[in-house]
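Colleague: Input: one structure, supplied below.
The values are calculated or read from the model by the stated rules, or taken from the named source; none is laboratory data. Because the structure is a prediction, the values reported are computed rather than measured. For neighbour counting, all protein chains shown are included, and Cβ atoms are generated from backbone atoms with ideal geometry for every residue, glycine included.
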Amino acid sequence: MPGTRLLGYSKRVVDGLVRLWPLGKLTTKLGHGPITRKLVNALLEALDSNAVIIPVGAALQGPQSIELPYQVLMPLVEQSDVRFILAQCVCRVGEACQEYPLDLGCLFLGDGAAALHPTMGNKATVSQTLDHIKRAMDLGLVPLVVQSAFDSWMFGVPYRRTLGICFCCDCCCAVRRGLRDGPPGFSDQVQRLPGITVDVGPKCVGCGLCVEVCYVHAISIRDGLAAIEGECKGCGRCATVCPTQAITLHVNRETGELEEFIAHMRKRVSAN
């Protein structure tokens, strides 16, 4: 019938795709080959996918660690035409996660989220959605704002009309694995949250722990001190492991970059 909205894949289909998870991990690594790297990078550029990590917890200094995720997420949730909570996290299911709940799934916002099959989860009110976010925050999971072709392949939804909010863990997150093991072009799809600055203070002892945990190799030791380069994604892993708390993340509200980012994301989730 004209005007009928097509539904995405059912849970049965998605569960079948999740069984192919090892193949996806292999494909990520194959993107390093001299020929395949060019093909993968061209595909990533054409798909126009992007992701932004929102650091939380020990990564941020002061009360920002509590306020920041909600400053970004709450306006998106309240403005969104549709809110849909997945009943499971496909990354954690695919990796058979032992550290975090499998049933704490991604949140999808925007008109395209209405296409998600009802067997995949449920539409939610603003209050229910914020409760879901709080549960993730209480567990220490890191929000990732993402608009990705992966969602189209995995769930059968129009990803350019759908904004995903993933709640990621280091052990299973496909985006973090892509940063760690994927081709160079993948890193370009993940951006630092606008307004975030990462600083190294005088307490640095040059131990190198931050170098070891950085997914994008943005940190080096120079003259006995950590130096952070432009490829930094502002994820905060370095600050979390620093034994002297020399590395700090701050939110600069004076530039207006964070507000511009939120306004841009709000346009993606609302038809108004």
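Colleague: Which of the following residues is surrounded by 16 or more Cβ atoms within 10 Å (Cβ to Cβ) and assigned to a helix (DSSP H, G or I): ARG135, ARG180?
Modeller: After ruling out the rest, the residue left standing is ARG180.
Colleague: Would you pick out the residues in the range 138-169 that are among the acidic types (Asp, Glu) and surrounded by fewer than 16 Cβ atoms within 10 Å (Cβ to Cβ)?
Modeller: Residue satisfying the conditions is ASP138 alone.
Colleague: Something else: Tell me, which residue of the range 122-132 that is touching a helix residue (DSSP H, G or I) at 6+ places or on another chain (Cβ under 9 Å) and surrounded by fewer than 23 Cβ atoms within 10 Å (Cβ to Cβ) is nearest to GLU67 (Cα to Cα)?
Modeller: LEU130
Colleague: Hey, can you tell me all the residues within the range 126-181 that are of a type in the set (Ser, Thr, Tyr) and without any contact (Cβ under 8 Å) to a residue 24 or more places away in the chain?
Modeller: Of everything in the range 126-181, those that are of a type in the set (Ser, Thr, Tyr) and without any contact (Cβ under 8 Å) to a residue 24 or more places away in the chain turn out to be SER127, SER152.
Colleague: Still on this structure, I have one more. Pull out all pairs, ordered by first then second residue, where Cβ-Cβ is under 7 Å, the residues are six or more apart or on different chains, the first lies in the range 200-216 and is farther than 10 Å from ALA226 by Cα, and the second is of a type in the set (Asp, Glu).
Modeller: Going by the 7 Å Cβ cut-off, the qualifying pairs are VAL216/GLU231.
Colleague: Now, a different point. Is it the case, given these coordinates, that ASP170 is touching a strand residue (DSSP E or B) at 6+ places or on another chain (Cβ under 9 Å) and part of a loop (DSSP other than H, G, I, E, B)?
Modeller: yes
Colleague: Go through (1) farther than 22 Å from ASP15 by Cβ; (2) in contact with a Cys (Cβ under 6 Å, 6 or more places away or on another chain) and name the single condition GLU99 misses.
Modeller: (1)
Colleague: Follow-up question, since we're still on this one. Just one of ALA87, ALA113 is at pLDDT 90 or above, small (Gly, Ala, Ser), assigned by TED's automatic domain parsing to the domain that holds VAL52 and more than 25 Å from PHE186 (Cβ to Cβ); which is it?
Modeller: Exactly one residue qualifies, and that residue is ALA87.
Colleague: Among helices (runs of 4 or more DSSP H) lying entirely in the range 195-272, which contain 3 or more residues that are closer than 30 Å to ASP111 by Cβ?
Modeller: Where helices (runs of 4 or more DSSP H) fall fully within the range 195-272 and carry at least 3 residues being closer than 30 Å to ASP111 by Cβ, they are 257-269.
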